[in-house]
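Here is the structure we will look at, set down as structure tokens.
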Amino acid sequence: MGKAQDEEKLNLQAEQEPQEANEEAPAEEPQHPGWLTLSEVYGFSDPFFDNFLYLLGYDYSSNVYVIKGDYLTVIDPGNDYTGLMDLFRRDHRPEDIKKIVLTHGHRDHSMGAVELLRAYPHFAEGGGFELILHPESPAELKEVMKKFGCQVTEVKGGEILDLCGMPWEVIYTPGHTIDGLSYYHAPSKTVITGDTSLPHAMAKPDENAGGRLDHYLYGIKALLKKDIVNLLPGHGIPVAELGKFVVEQTYESLLLKIIGIETQIPWIEGAEKLVEKGLLEEAIFCVDKDLARDPENLRALQFKAFCLTDMGRCEESLTYLDKILDQQADNFHALLAKGHALLGMGKYDDCLPYFDRVLKQHPNVREAYIFKGMALFLSGRVDEAMDIPAFSTEFSGRFKEQLEKRSQTAK
């Protein structure tokens, strides 16, 4: 499925989401849908989603999710208890709630837990529920929960939680806040993301709650490693089938913010800015966007090869460099990069001809002399290496110990 098709399908799924009016506000607000099963939201029946309840966030409250089993697990109880009161009017009681899991400590996601205990004192007297959250979540919230007699469990990421008999992996996803957590159910490929990844939006880092862009990048990359199909956000309509696409959209928005722009630019230019910040993996993501449109883009191929070599992924780098050299046999940059990649792979004799070809074209390229000297030194031709002034200067000044250790290892 192409990106345009993904966006169109995602837009269709989001038709129920409240939209800002362009001119005048409607005379009446649409009726809130109330509690629904995820099967009803998605429009298909599935045992997993049949037992998963969803309450669309309203006013200043987040979405609320409830897993049904031998007991109830609530994920993000919102900022009051009235939504849960509606749930109790159905087939459930406060005492059925055994676990409340938080994606982060913002009040619109967490205060419902406090209000629930205040509204049902007999529930609190019975020990309440287990509250699961990150160690960096608000200390005041933990203290209040403990005063009510609740068990407070801290998780950092990597744990497997048993929620109503189902395994959920905890994923640490900071960035919006320092205590951000997501929860992944591998059998159904479903993730609960809180505010870390939202359809059609990216939550801003809240500096007052420890939010940071570099942390955000860490969290999103953790999600990208998972096989995600369905995404349950902290705000907006749950997304079926296109969960991975939503995470990728968040990643793209995040990269634009890191680059320092708010509107799209050629991806290769974004990649160059990311390399300046030392974000090579992110730069490759940007370059791949250009290569998806034009697989023969020599500038993008060359840039990706450089990044891969610098990351130590030299064998992958050769694939792209060979594509360039097939079209431009004397491409100076590609020849130097291929020699560098072969050097990184320990193929010292193989890399020398590439440095010689570079120096034949451009005799003043200091980098080629240094790489050639390294290859000679590491292959045991020490005297030849030291006869290269650029290398001998660098050898004595920068990497003597490193090269000698690497040479001994090679033997």
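Quick look at the values:
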item: Qualifying position, being closer than 21 Å to Leu56 by Cα, over 17 Å from the mean Cα position of the chain (by Cα) and not in a helix (DSSP H, G or I), among Gly236, Gly278; result: Gly236
item: Within segment 267-287, tally of residues that are of a type in the set (Asp, Glu), without any contact (Cβ under 8 Å) to a residue 24 or more places away in the chain and over 20 Å from Tyr218 (Cβ atoms); result: 1
item: Of all residues making up segment 191-210, the number that are crowded, with 24+ Cβ neighbours inside 10 Å and assigned to a strand (DSSP E or B); result: 4
item: Whichever residue in segment 179-190 is crowded, with 21+ Cβ neighbours inside 10 Å and touching an Asp or Glu at 6+ places or on another chain (Cβ under 6 Å) and, among such residues, is farthest from Lys156 (Cα to Cα); result: Tyr184
item: Answer residue from segment 359-397, given it is among the β-branched types (Val, Ile, Thr) and free of Cβ contacts under 8 Å to residues at least 24 places away in the same chain and is nearest to Gly346 (Cα to Cα) among those; result: Val382
item: Any hit, segment 290-301, residues being among the acidic types (Asp, Glu), under 22 Å from Leu213 (Cα atoms) and within 22 Å of the chain's Cα centre (by Cα); result: no
item: Condition broken by Glu316, with the remaining ones in (1) buried (at least 18 other Cβ atoms within 10 Å of the Cβ); (2) under 28 Å from Lys226 (Cβ atoms) satisfied; result: (1)
item: Single match in Leu217, Leu141, Leu231 (criterion: part of a helix (DSSP H, G or I), of a type in the set (A, V, I, L, M), more than 30 Å from Tyr120 (Cα to Cα) and assigned by TED's automatic domain parsing to the domain that holds Glu125); result: Leu217
item: Criterion (hydroxyl-bearing (Ser, Thr, Tyr) and free of Cβ contacts under 8 Å to residues at least 40 places away in the same chain) met by exactly one of Tyr58, Tyr71, Tyr65; result: Tyr58
item: Residue identified as surrounded by 14 or more Cβ atoms within 10 Å (Cβ to Cβ), within 22 Å of the chain's Cα centre (by Cα) and at pLDDT 90 or above among Ile324, Ile284, Ile259; result: Ile284
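The values are calculated or read from the model by the stated rules, or taken from the named source; none is laboratory data. These figures come from a predicted structure and were not determined experimentally. Counting neighbours? That spans all protein chains shown, and the Cβs are built from the backbone with ideal geometry, glycine included.
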